[in-house]
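Where a number appears in this text, it was derived from the coordinates with a stated rule and is not lab data. All figures in this text were calculated on a predicted structure; none of them were measured in a lab. Quick reminder, even Gly has a Cβ in these numbers, built from the backbone with ideal geometry, and neighbours come from all protein chains shown.
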Amino acid sequence: MALSPLIVAPPGADQGKSPAGARSKLFAATKAQNNSGNASPIPEAAPDLAEQLNMEEKAKYIKGKKLGEGTYANVYLGTLRSDPTHLVAIKKIKIQAEYTEGLAPDAVRELKHLQELSHPNIITLHSVFSSRDQNLNLVLEYLPLGDLEMLIKDVEGVRYGAADIKAWMGMLSRAVWFCHANAVLHRDIKPNNLLIAADGMVKLADFGLARAFADPYKQMTSNVITRWYRPPELLFGARHYSGAVDIWAVGLVFAELLIRTPYLAGDTEVHQISLICQAIGTPTEEVWPGGARHLPWDVWDGGAGGCGSVDGDAGVGSAGEDYGAGGAGASVVELRAEAD
């Protein structure tokens, strides 16, 4: 095909060849150039905005020594790159293949609620970023003085009085009030989740079991709160409950601060119920309206002053008959993975 008169062919151009032939020559020349090593490298795609922001956030911090390790996270001491004297705690969430999203539900809950809650007596979440291995990192304020459990146990080294207990309980009460005012149940209040800042401020931490309770009709799991601080309704398997479960735990923290040992330290769930009944009596319809429907037995002989007979028709005999000797505690509360 002849070229248009308006287009001047370069010297030596073969005007009799088809465009396909010309393209073949062009491709061959390009291939030869690439093979010679003189080709310019193909530029890599620029990171998207989200990745760029993540990299910038990560670059702000320097991770140091490991402070502790848990089921779904490791905690490291960190510093602000621009100010090495500014210490933070970097909680690195482990990716776990058994979960659809890669993150344990505890990690998701903690991130969600710490982003929503800002209070002087609740641990502060400064930032979030992902690392190269796709693990999620929560940058939390560093609270260097340990927790209330350490103070309680160090009877010889640490002495505190009524004024200290009053101050600590005031801080805990304000933190719990703020959570409940924002429709959040903590569901794991205990002394070692009450961290102490450098200025002596007590802060509520570990929101891995927390959840919103705005919907009173939505069922929730009863398998929450460490056993020694778990209220009777959860020990009996209640699926609908309120902020009262946190208040029960607050009361037991108060008692532990006073006597410097756990007040109700049951070995199993059944033993825990026995200790509660010995301390404050058997639940009745008057003090717990409708509570009888949660009781898994009519009469239980828990040894020295255990729960006596209870009203209601929901019982199924004695604990020893239905749950077996030595294994009763594991059967009182079902593990309900499908519930929150």
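What does the charge add up to near residue 121, with Lys and Arg as +1, Asp and Glu as -1, over the other residues with Cβ less than 15 Å from its Cβ? List each step's numbers first, then the result.
Working: positive: 166, 174, 203; negative: 141, 147, 199, 206, 246.
With Lys, Arg at +1 and Asp, Glu at -1, the neighbours total -2.
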(message) Once you order the gyration tensor axes a ≥ b ≥ c over the Cα atoms, which shape class does segment 60-141 get: rounded for a/c under 1.5, otherwise prolate or oblate by comparing a/b with b/c?
(response) oblate
(message) Show me, for segment 251-257, the HN-Hα J-couplings you get by feeding each phi into the Karplus relation (A = 6.51, B = -1.76, C = 1.60, θ = phi - 60°), rounded to Hz, glycine and proline as x.
(response) x, 6, 5, 4, 4, 5, 5
(request) Jot down the radius of gyration and Dmax of segment 98-205, Cα atoms only, both in angstrom. (result) 15.7, 49
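If each residue of separation counts as 0.36 nm, what is the full-extension length gain between residue 212 and residue 83 once their alpha-carbon separation is subtracted?
Working: separation 129, 0.36 × 129 = 46.44 nm, distance 3.65 nm.
So the chain would gain 42.8 nm between residue 212 and residue 83.
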(message) Test of understanding: what is the full-extension gain from residue 155 to residue 183, defined as 0.36 nm times their sequence separation minus their Cα-Cα distance?
(response) 6.4 nm
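Please find the FRET efficiency linking residue 239 to residue 166, where r is the Cβ-Cβ separation and R0 is fixed at 41 Å, and quote it to the nearest 0.05. Mind showing how you got there, number by number?
Numbers: r = 36 Å, r/R0 = 0.87.
The pair residue 239/residue 166 has a calculated efficiency of 0.70.
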(message) If the only charges are +1 at each Lys and Arg Cβ and -1 at each Asp and Glu Cβ, what is the size of the charge dipole of segment 60-141 around the Cα centre, to the nearest 20 debye?
(response) 340
(request) Could you run the Karplus curve 6.51 cos²θ - 1.76 cosθ + 1.60 with θ = phi - 60° over segment 181-187 and give me ³J(HN,Hα) per residue in whole Hz, x for Gly and Pro? (result) 5, 9, 6, 10, 8, 6, 6
(message) Checking the cross-link filter: which lysines have an alpha carbon closer than 20 Å to that of residue 218, excluding same-chain neighbours under 8 positions apart?
(response) 112
